[in-house]
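The values are calculated or read from the model by the stated rules, or taken from the named source; none is laboratory data. As the structure is a prediction and not an experimental result, all values here were calculated from the model. No Cβ is skipped: glycine too gets one built from the backbone with ideal geometry, and neighbour counts run over all protein chains shown. These accessible areas exclude ligands, DNA and RNA; they are computed on the full protein's heavy atoms, side chains included. Shrake-Rupley method; radii C 1.70, N 1.55, O 1.52, S 1.80 Å.
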Amino acid sequence: HGERPIELYDGEVQVADRAAGELIRAFRASRPTSTVIVTADHGEEFGEHGGYHHGTSLYEEQVHVPLLWSSAGKTTPRTVAAPVELVDLATTLLAGLGVPRDARMRGDDLGALLAYADAPGADELRAFASIDELRMLSDGRYKALCDARAGSCRAYDLTADPGELHPLDSSDAHLASLRAELSDLVASLPRVEALALQGGSGWPSALARARLGDGSVGPEILPLLGSERADIRAEAVWAVARLGLVQAKQVIENLVEHDADPHVRDEAAVCLLVLGDSDGSARDRVLDVQARARKNGASGLDLARRAAAALARLGAAEATPVLIELAQDPNAEEGERIAAFSLLATLRAGSAVPALIDLLNDVRLRAFAARTLGAIGGRSALDAIAFAFGAERYPEAREAEARALVAQHDPRASRLLIRFLGTDSGVPSGVQSLIDAGTLARRNAWGADLREAAGAALRSGAWSCDATTGCVPGADAGLRLRAAGSHVRVIARVSASASGQWLELGGQRVLLLEGTSEPSVQLTAAALRTLTVQASSGVRVIACVAVPVTEDIAPPAPTAYDAGVDSGSSP
């Protein structure tokens, strides 16, 4: 019950739970000896760590999912606290059926854990997950979160700190232990990848590590450029380009001119362009590679797209058609499609605008399409962004649409921002977008950048302000804000020096994460007239706005399930 997004989500979960119960009861009635497994592929975040939905972080609200396992003959239910993974399911099922598993399969056999509460080895189980360069490893109580690109890690005690607000000290032994385990796990992945690549027939693990983005593998890649096998030379050239191994440039130049295999020569030409085209000859070669690869259809698709990416980074407009096709290709990997959006934005490719407008209909890619359209600009692009923004249900897409309009100085951005800031789901960094639009530098009774002169006019009581970092409220600090309507939402942009600090607006306290965030509270108009502002030490208030509470965009009407049965055939 309720109207907030998390309450609506909980209602959907309850409905799904009842439906699953009915389905399982019906199934068990006809198959009493069956095994039933219920799980999920992700959780859902509602701003706990500054994000929404899923696939954006590795905090518990997104990665900790239920696993319910029910087999005939096991009548006493119990809860197992050991961390397990979805990859364990197939391994466990195959073991239970007596089917040998493929050597490339990862995952633990959970059979003993299902049978015995004190199964040996349960304390050795780990849960691993990754998103791009972010990786996590948990032993059930302690959890490490690492950024491979930055080379940094932090750890949490999930028992003492289930909200993951207070990282353990960097010298904590649990962090060191989990970090070492995570490093060993990631190092083991290429062995499995090497078995999968090229059927595993003598395929060097260094190439698999390069596919995983391991930058330390460079010294092992260079000798493979002289392999007797053309497929290994071609893959090694691709790895040199991916990892930016400029020390291989002279060897790559030689492969471009003299390698006996035409595919290796083409790969080398693309690689040389990535590493740096000193005399302009590689650019012309890659234009030819792209044209020939496109003529080869599906077999040349990957090479054509790599060639286009290399050309686009040099500003070559000839890459545009290939990048448009990639952005539109539903069978391409999502990361490759996102990279194509970025390159089209770099090219300011006006010819891509119709395709990008069409891609605004894809909820997974809408934010990237909006950013690219905003970079390209033009009336049709901005009209499409504003139209999408006006009916947008997803906060991340709202943020991208708002920033795209602000970047092009479109006046519709501020009006739409104010409207959606009044909803429960809001607009991530919406106050910052109003700052960037210049809206909060002007005198507005409903909000201001407190560092500006207009903001000073709205402050009351004692404030200590810095023109760059923001304002610290004193004991009697307040704001003189106004907003239409009996109920208003107050959104502040604040910075906190550590997680767990707090901001209090009109008597309502909200906890903050380290860094910059935009917490909000809902108040009555009467409370707004004397809006008190208090904060813990280390918190600075940058800006504050008050907007009328507004309804979120309603979800689309449900559609009837289509079982795919031909209407002309018998049921």
Hey, does the stretch 106-119 have a residue that's buried (at least 18 other Cβ atoms within 10 Å of the Cβ), in contact with a Phe, Trp or Tyr (Cβ under 9 Å, 6 or more places away or on another chain), closer than 20 Å to GLU45 by Cα and of a type in the set (A, V, I, L, M, F, W, C)? no
Residue ranges of strands (runs of 3 or more DSSP E) in the stretch 50-158 with at least 1 members touching a Pro at 6+ places or on another chain (Cβ under 7 Å): 127-131, 134-138, 152-157
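Give me the helices (runs of 4 or more DSSP H) completely within the stretch 384-501, filtered to those with at least 1 residues that are modelled with pLDDT of 95 or more, open to solvent by less than 10 Å² (accessible area, probe 1.4 Å) and more than 29 Å from THR530 (Cβ to Cβ), ordered by residue number. I'd like the intermediate steps shown before the answer.
Working: elements: 395-407, 412-421, 430-436, 453-456.
Those helices (runs of 4 or more DSSP H) span 395-407, 412-421.
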Filter the stretch 511-520 for residues that are in contact with a strand residue (DSSP E or B) (Cβ under 6 Å, 6 or more places away or on another chain), closer than 19 Å to VAL545 by Cβ and in a strand (DSSP E or B); the one that is least open to solvent (accessible area, probe 1.4 Å) is SER520
When the stretch 8-46 is examined, which residues are found to be touching a residue at least 24 places away in the same chain (Cβ under 8 Å) and open to solvent by 80 Å² or more (accessible area, probe 1.4 Å)? PRO32, THR33, ASP41
Six or more apart or on different chains, Cβ under 6 Å: which pairs go from a residue in the stretch 324-335 that's at pLDDT 95 or above to one that's among the aliphatic types (A, V, I, L, M) and surrounded by 10 or more Cβ atoms within 10 Å (Cβ to Cβ)? Could you list them? ILE324/ALA352; ILE324/ALA355; LEU326/ALA332; LEU326/ALA340; ALA327/ALA340; GLN328/ALA355
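Report whether or not TYR59 is under 18 Å from the mean Cα position of the chain (by Cα), within 30 Å of PRO428 (Cβ to Cβ) and in contact (Cβ under 8 Å) with a residue 24 or more places away in the chain.
On the way: under 18 Å from the mean Cα position of the chain (by Cα): yes; within 30 Å of PRO428 (Cβ to Cβ): yes; in contact (Cβ under 8 Å) with a residue 24 or more places away in the chain: yes.
For TYR59, the condition - under 18 Å from the mean Cα position of the chain (by Cα), within 30 Å of PRO428 (Cβ to Cβ) and in contact (Cβ under 8 Å) with a residue 24 or more places away in the chain - is met.
Which one is farthest from HIS174 (Cα to Cα) among residues in the stretch 144-160 that are charged (D, E, K, R) and open to solvent by 60 Å² or more (accessible area, probe 1.4 Å)?
If we filter the stretch 144-160 for residues that are charged (D, E, K, R), which is where we start, we get 147, 149, 154, 157.
Restricting the remaining residues to those that are open to solvent by 60 Å² or more (accessible area, probe 1.4 Å) gives 149, 154.
Numbers: ARG149: 22, ARG154: 10 Å.
Filtering the stretch 144-160 for residues that are charged (D, E, K, R) and open to solvent by 60 Å² or more (accessible area, probe 1.4 Å), the one farthest from HIS174 (Cα to Cα) comes out as ARG149.
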Answer yes or no as to whether GLY374 is modelled with pLDDT under 95 and crowded, with 22+ Cβ neighbours inside 10 Å. no
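Can you tell me which residue among VAL363, VAL431, VAL406, VAL427 is in contact with a strand residue (DSSP E or B) (Cβ under 6 Å, 6 or more places away or on another chain) and closer than 24 Å to GLY47 by Cα? Outline the logic, then answer.
Values: VAL363 fails: in contact with a strand residue (DSSP E or B) (Cβ under 6 Å, 6 or more places away or on another chain); VAL406 fails: in contact with a strand residue (DSSP E or B) (Cβ under 6 Å, 6 or more places away or on another chain); VAL427 fails: in contact with a strand residue (DSSP E or B) (Cβ under 6 Å, 6 or more places away or on another chain).
Result of the check over VAL363, VAL431, VAL406, VAL427: VAL431.
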